[in-house]
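Before any comments, here is the structure.
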Amino acid sequence: MDDLENAILISFDESGTIDSALKSRAVDFCQRIKESPTICSVCIEKLWFCKLVQVQFWCLQTLQEVIRVKYGLLSSEEKDLVRKSVFSMCCFEKIEDSNAVTTLEGPAFIKNKLAQVLVTLIYFEYPLIWSSVFVDFLPHLSKGAIVIDMFCRVLNALDEELISLDYPRTQEELGVAGRVKDAMREQCVGQMVGAWYDIVSLYMNSDPELCANVLDSMRRYISWIDIGLVANDAVMGLLFKLILLNGGSDQLQGAAVGCVLAVVSKRMDHQTKLTMLQTLRIRVFGLVTGDSDSELVCKVAALIAGYAVEVLECYKRVNTGNSKMVSLELLNEVLPSVFYVIQNCEVDTTFTSVQFLSSYVATMKSSSPLKENQLHHVGLILEVIHSQIQYDPTYRDNLDMLDKIGREEEDRMVEFRKDLFVLLRSVGRVAPEVTQVFIRNSLASAMVSSPESNVEKVEAALSLLYALGESLSDETLRTGSGLLGELVPMLLSTQFPCHSNRLVALVYLETITRYIKFIQENTQYIPMVLAAFLDERGIHHSNIHVSQRASYLFMRVVKLLKSKLVPFIETILQSLQDAVTRFTSMDHTETDASESDDGSHIFEAIGLLIGMEDVPLEKQSEYLSSLLNPLCHQVKALLLSVEVINPDDSLGRVSNLQRIIMAINALSKGFSERLVTASRPAIGLMFKQTLDVLLQILVVFPRVEALRSKVTSFIHRMVDTLGVSVFPYLPKALEQLLAESEPKEMVGLLILLNQLICKFNASVRDILEEVFPAVVGRIFNIIPKDAFPSGPGSNTEEIRELQELQKTMYTFLHVITTHDLSSVFLSPKSRDYLDSIMKLLLHTACNHKDILVRKACVQIFIRLIKDWCAKPHSQEQVPGFQNFIIEAFATNCCLYSVLDKSFEFHDANTLVLFGEIVQAQKVMYEKFGNDFLIHFVSRSFLSQSLAEQYCQKLQGSDIKALRSFYQSFIENLRLQQNGNLVFR
């Protein structure tokens, strides 16, 4: 071995025994040889005479790199040497030297790399320089399998490296591919197809593997060669002979199937395609036999699927009546095989069964009524849907317990089913009666199934009925037209043997809820609905996931049926007694980990039931007190014992308090403000007493965020429920919420104040004046006086909470000013903060990153100007405010902030802000007259003529004209300053 061979061996070594420094030197040495001007001749010599496969591979790889990168720099002699040598090696030509090596006798990876080198030459030289490469290769195929195999490798490499569009190509590569294909079509494709045919005919019995390789190469080329060369009696006859050969090679049969599929899938005029598909019809159908998991059967399945797709496409595209009839006939012939394929075989991923069936169903829309065979096909499609949506029984236990595997499987199936349910709805629209009969029969079949054998079948049948409801109109749902009037009672009266299964129980309840509009019109079924939700099928189901979902769905059902349930209230409350008791007599030491239900849905359902005016006052009071009294007693008991609890006990008590507050909150949702304040104030009194009890939680647990949040939520509810009668309770509540409040809790307090202002307007003035100074003082102490930090490490939870607080504060100030409450800022206790508020608003209006926040601040100023400033020359209501507006706000916000290059006129929100800024100028002129005008014009760099135009627009009534003028002025001024002047 010479130095190069040694270096190559060392550089390829993966044993780990070679010293890394030595290996690095070997790699460097090889790299230097690559740069040698004689590298081509060095590689060719090694390929002819060195038997080491590592050396051969390195030489071939190097040759490919040199051709690819330096082809234009090679001399004609070097190109000639490489061309002749590589071609000779590919064609199994030997040189007259006993020590010579024949590359084609080497391993597959050497032959593949040799093929790639030849293809790289073809890229640069065919057909302009080396026009005879393929024609010259063909005679060498007579040398037998070794050259035929190499020819296939060359064709495959040409497809992969250049022609196939399965890989991303550059424009240059696409151009070269077009040139190569055009030359091959003109020069040698016919001879190649003849060679393929002859080779397969000759070797089909003696060397099926070789024939399979030949057909695989042929398949790749069918998409762009003249289809007549392949779609003829001779070639197609041979292909089908191979496919139908008993005891033949699976590999060869599969390769033949691939070629037929390539013929079927070839792009062409649809009328021509239809004629060709007709000639294949007899041979294609009925090919799927044997083991459905075998590779051959999967390929045949893909062929049938592909054939069906093309026939359907022809049906949609051809125009003549005869062609439509022919394509429909072919479609009807192939569909039974397609249904078999979908149900029993793994089909190639390019065929999406749902897409195909959806497309086929779409063709039925024009057929009315459907023909007998179409109705039959609809039935088969429904069977496909029913079988495909069934869960795998392997996961039954995982899905019932809903462990990690069960969750993953359920998520996967939810996604998988989406398209199938879309298909079901399409079928339901085209053939509603057939669809409903199928679902009825599926349900009937599911009823008699054994508890263990058919959980999945039952769940699928119920899911079909549920999905059907999505496509039905409200009118159909109400009247129960078609078979719906039979299906819903059938559903309600059924107790499936496998009802204990989580999936079955859930879909059963969801389906009842889906068809509740039918129950609204057919109230005789209400007892059956209630039984389903209240017995062991629903809220009392043994599976916690089912009982929780049942509680939520029952609440929705109550919302929809409402007054129709009045006769059943006693029955419902009796059935829910145990569930209610869990919350009204809760032991704080309870540690049941599975008990994660907060009970709020049950209490909301009860509230909706007993909160109706249809319920007599006495009964209503009785029901409500029987619920509120135990809950309030529980709260009082927990609060009284707070001093003696140990830290371990505390968590349990806090958790219990949270649940109780949520239960009471949910219960109150059923009671309207009119009922509790006007028609039945006694009910309102109960809620006031409850509010009084719950406010004590804030006193006893001032720092428990979870409890503060729940109590705040209940106060929100009472504001809506009790109306103005909640006022006496607000000072105490707001005082407690303000004490010890963190930024996140301050946000909640501001949202509550916003609700009060929006609901009660000026009526809340006294309360707001009392609390405003403390709120603003607290906020100014919390938020930073300078800008928030930016850059790495600034996006912390603490900073985000402060930013949220600041943003909510601006909303709070905006709500105050827009609800005629700006006088709150001027109350004696608030005056101390007025200067700070104005400066903050001005800074924000000019600089804040959030354009919508800036807009809100400008709107606040507009409203304050209107509220606090009379007509020109009147006495000032707020001393110094007019000067502040004219000198600071007008100049900084209305001029300088708009001139800043960050003010982007192409942004929609910024344009809205600009509109408010223009409106502010209009209002300032109306209130301050020339005082504003003279000062603003003097600061705004307006020339005399522009100043006159500005005055004219400002005095006019056309705000759009003023806005347009001012935008044009700002944009021109920006250009004049060239972005360099800092106006501030």
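The values are calculated or read from the model by the stated rules, or taken from the named source; none is laboratory data. What you are looking at is a predicted structure, and each value in this text was computed from that prediction instead of being measured. Positions of Cβ are backbone-derived with ideal geometry, glycine not excepted, and every protein chain shown enters the neighbour counts. What goes into the accessible areas is simple: the full protein's heavy atoms, side chains included, and nothing from ligands, DNA or RNA. Shrake-Rupley method; radii C 1.70, N 1.55, O 1.52, S 1.80 Å.
Structure notes:
- So E172, is it under 25 Å from F92 (Cβ atoms) and modelled with pLDDT under 95: no
- Segment 788-811 - residue that is of a type in the set (V, I, T) and out of contact with any helix residue (DSSP H, G or I) (no Cβ under 8 Å at 6 or more places or on another chain) and, of those, farthest from A845 (Cα to Cα): T796
- Among (1) modelled with pLDDT of 95 or more; (2) open to solvent by less than 30 Å² (accessible area, probe 1.4 Å); (3) closer than 28 Å to L239 by Cα, the one test that L121 misses: (3)
This table checks each residue for (1) closer than 28 Å to V815 by Cα; (2) of a type in the set (D, E); (3) crowded, with 19+ Cβ neighbours inside 10 Å.
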{"position": "I865", "(1), (2), (3)": "yes, no, yes"}
{"position": "L895", "(1), (2), (3)": "yes, no, yes"}
{"position": "F914", "(1), (2), (3)": "yes, no, yes"}
{"position": "L933", "(1), (2), (3)": "no, no, yes"}
{"position": "E948", "(1), (2), (3)": "no, yes, no"}
{"position": "C951", "(1), (2), (3)": "no, no, no"}
{"position": "R963", "(1), (2), (3)": "yes, no, yes"}
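- Which listed residue is farther than 23 Å from R653 by Cα and either buried (at least 20 other Cβ atoms within 10 Å of the Cβ) or in contact with a strand residue (DSSP E or B) (Cβ under 8 Å, 6 or more places away or on another chain) (or both), from L737, L752, L756: L756
- Some residue of segment 847-855 being buried (at least 18 other Cβ atoms within 10 Å of the Cβ), under 19 Å from G777 (Cβ atoms) and under 48 Å from the mean Cα position of the chain (by Cα): no
- Residue-level check: of (1) assigned to a loop (DSSP other than H, G, I, E, B); (2) open to solvent by less than 50 Å² (accessible area, probe 1.4 Å), M236 misses just (1).
- Unique residue being closer than 14 Å to V235 by Cβ, at pLDDT 95 or above and touching a helix residue (DSSP H, G or I) at 6+ places or on another chain (Cβ under 7 Å) when the list is A195, A212: A195
- Hey, R179 without any contact (Cβ under 8 Å) to a residue 12 or more places away in the chain, of a type in the set (D, E, K, R) and either touching a Phe, Trp or Tyr at 6+ places or on another chain (Cβ under 9 Å) or surrounded by 14 or more Cβ atoms within 10 Å (Cβ to Cβ) (or both) or not: no
- The condition of being open to solvent by 20 Å² or more (accessible area, probe 1.4 Å) and among the β-branched types (V, I, T) does not hold for V384.
- Filter result for S493 (without any contact (Cβ under 8 Å) to a residue 24 or more places away in the chain and surrounded by fewer than 16 Cβ atoms within 10 Å (Cβ to Cβ)): no
Residue by residue, here is whether (1) under 53 Å from the mean Cα position of the chain (by Cα); (2) touching a residue at least 12 places away in the same chain (Cβ under 8 Å); (3) crowded, with 16+ Cβ neighbours inside 10 Å; (4) in a helix (DSSP H, G or I) holds:
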position: R68; (1), (2), (3), (4): yes, yes, no, yes
position: F87; (1), (2), (3), (4): no, yes, yes, yes
position: F92; (1), (2), (3), (4): no, yes, yes, no
position: K113; (1), (2), (3), (4): yes, yes, yes, yes
position: F134; (1), (2), (3), (4): yes, yes, yes, yes
position: V147; (1), (2), (3), (4): yes, yes, yes, yes
position: R153; (1), (2), (3), (4): yes, yes, yes, yes
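- Picking from residues in segment 633-648 that are open to solvent by 40 Å² or more (accessible area, probe 1.4 Å), assigned to a helix (DSSP H, G or I) and modelled with pLDDT under 80, the one that is nearest to P702 (Cα to Cα) is E643.
- Count of segment 676-707 residues which are out of contact with any Phe, Trp or Tyr (no Cβ under 8 Å at 6 or more places or on another chain), in a helix (DSSP H, G or I) and of a type in the set (A, V, I, L, M): 10
- Test for E433: is it open to solvent by 10 Å² or more (accessible area, probe 1.4 Å), under 30 Å from A308 (Cα atoms) and either modelled with pLDDT of 90 or more or not small (G, A, S) (or both): yes
- So S463, is it under 32 Å from the mean Cα position of the chain (by Cα), open to solvent by 10 Å² or more (accessible area, probe 1.4 Å) and among the small types (G, A, S): no
- For segment 677-698, a residue qualifies if it is of a type outside the set (K, R) and more than 19 Å from T712 (Cα to Cα), and the qualifying residues are T677, A678, S679, P681, A682, I683, L685.
- Residues that are within 15 Å of D766 (Cβ to Cβ) and buried (at least 20 other Cβ atoms within 10 Å of the Cβ), drawn from segment 709-729: V726
- Among the residues of segment 784-843, just one is open to solvent by 50 Å² or more (accessible area, probe 1.4 Å) and among the aliphatic types (A, V, I, L, M), namely A787.
- Selection within segment 728-769: residues that are closer than 22 Å to P828 by Cα and in contact with a Lys or Arg (Cβ under 8 Å, 6 or more places away or on another chain). The member of this set that is modelled with the lowest pLDDT is L738.
- Just one of the listed residues (K807, K785) is among the basic types (K, R), under 18 Å from V853 (Cβ atoms) and either outside any loop (DSSP other than H, G, I, E, B) or in contact with an Asp or Glu (Cβ under 6 Å, 6 or more places away or on another chain) (or both), namely K807.
Table: residues versus (1) at pLDDT 90 or above; (2) of a type in the set (A, V, I, L, M).
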residue: A262; (1), (2): yes, yes
residue: D269; (1), (2): yes, no
residue: R281; (1), (2): no, no
residue: L287; (1), (2): no, yes
residue: D293; (1), (2): no, no
residue: Y307; (1), (2): yes, no
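- Neighbours by Cβ (under 8 Å, 6+ apart or cross-chain): first from segment 318-335, on the phi < 0 side of the Ramachandran plot; second of a type in the set (G, A, S) and open to solvent by less than 20 Å² (accessible area, probe 1.4 Å): V318/S327; L331/A308; V334/A308; L335/A308
- Hey, D207 surrounded by fewer than 18 Cβ atoms within 10 Å (Cβ to Cβ) and of a type in the set (D, E) or not: no
- Candidates L261, L202: the one that is open to solvent by 20 Å² or more (accessible area, probe 1.4 Å), part of a helix (DSSP H, G or I), of a type in the set (A, V, I, L, M, F, W, C) and closer than 26 Å to V297 by Cβ is L261.
- Residue that is farthest from V878 (Cα to Cα) [pool: residues in segment 812-836 that are among the acidic types (D, E) and in a helix (DSSP H, G or I)]: D832
- Pairing each residue of segment 207-218 that is more than 11 Å from R153 (Cβ to Cβ) with any residue that is open to solvent by 10 Å² or more (accessible area, probe 1.4 Å) and not in a helix (DSSP H, G or I), provided the two are 6+ apart or on different chains, yields C-beta distances under 9 Å for P208/G248; P208/S249; E209/S249; C211/M204; C211/S249; A212/S249.
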